[in-house]
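Peer 1: Handing you this structure, nothing more for now.
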């Protein structure tokens, strides 16, 4: 079994549930994808890191760091950073807060010491519904002088996020779509 197929198995087993939920977008859904159940699993984290790293490396966009919005991206950016180090092309990781830290330096971005203005970055997210959290993360990254050149997700719920990101000038690259998880 290849790595992508194995990751899909883990996603289906750990992250996908058929039940009524209210999503962060406020929408109601009859299924839920909890990406963190996969990205916090040892094998899942490794496979997410490896497959995202491969997309970043093969994308040849000159990515110099990887980040994303907390909390969904936290384990993902760490996994990509670790895999990139093992591959001999280390990428620093950073995390974008939902709001600036209320004490200390009042940071929006954790891991900022590894970043510099003009740096080309990839942003990742676990599950994309409308794309709102990624769009906010993109805005924060760009306001801090970073150049967002690649946007990736573990799962695209196929509920407008790809289109919203495209309208803002970004192409979403998802490892999986809702249809691949649900089979329909």
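Nothing in this text is a laboratory measurement; each read-out follows from the coordinates by a stated rule. Quick caveat, the model's predicted, so the values are computed rather than measured. For neighbour counting, all protein chains shown are included, and Cβ atoms are generated from backbone atoms with ideal geometry for every residue, glycine included.
Peer 1: For labels at residue 46 and residue 87 in the simple 7 Å Cα→Cβ model, what's the distance in nm?
Peer 2: Here the modelled spin labels are 1.6 nm apart.
Peer 1: Now for a separate question. Which value in nm describes the separation of the simple spin-label points at residue 31 and residue 142, placed 7 Å from the Cα toward the beta carbon?
Peer 2: Distance between the two pseudo-spin positions: 3.2 nm.
Peer 1: Fully extended, how many nm does the chain gain between residue 23 and residue 110 (0.36 nm per residue separation, minus their Cα-Cα distance)? The partial results should precede the final answer.
Peer 2: Values: separation 87, 0.36 × 87 = 31.32 nm, distance 2.56 nm.
Separation in residues times 0.36 nm, less the Cα-Cα distance, equals 28.8 nm.
Peer 1: Now, a different point. Give the calculated FRET efficiency between residue 163 and residue 57 to the nearest 0.05, with a Förster radius of 30 Å applied to their Cβ-Cβ distance. Don't jump to the answer; show the numbers that get you there.
Peer 2: Values: r = 27 Å, r/R0 = 0.90.
The calculated FRET efficiency here is 0.65.
Peer 1: Another one. Apply the Debye scattering formula to the stretch 3-182, with a single equal point scatterer on each alpha-carbon and no solvent, then give log10 I(q)/I(0) at q = 0.11, 0.12 Å⁻¹.
Peer 2: After summing over all Cα pairs, the log10 values are -0.43, -0.51.
Peer 1: Classify the stretch 90-142 as rounded, prolate or oblate, taking a ≥ b ≥ c as the square roots of the eigenvalues of its Cα gyration tensor: rounded when a/c is under 1.5, otherwise prolate if a/b is larger than b/c and oblate if not.
Peer 2: Working: a/c = 1.92, a/b = 1.18, b/c = 1.62.
Here the stretch 90-142 falls in the oblate category.
Peer 1: So, by mean Cβ neighbours within 10 angstrom, what's the order for 12-24, 112-124, 162-174 with the highest one leading?
Peer 2: Details: 12-24: 13.4, 112-124: 17.7, 162-174: 15.7.
Top to bottom by mean Cβ count within 10 Å: 112-124, 162-174, 12-24.
Peer 1: If you don't mind, another one. I'd like the distance separating the alpha-carbon centroids of the stretch 103-137 and the stretch 18-78, in whole Å.
Peer 2: 14
Peer 1: So what is the relative contact order for the chain, in percent, with contacts set as C-alpha pairs under 8 Å and at least six apart?
Peer 2: Working: 343 pairs, mean separation 32.9, N = 184.
It rounds to 18 percent for the chain.
Peer 1: Per-residue ellipticity at 222 nm for the chain, helices alone: DSSP H runs ≥ 4 residues times -39500 (n - 2.57), over residue total, nearest 500 deg cm²/dmol?
Peer 2: Result for the chain, helices only: -10500 deg cm²/dmol.
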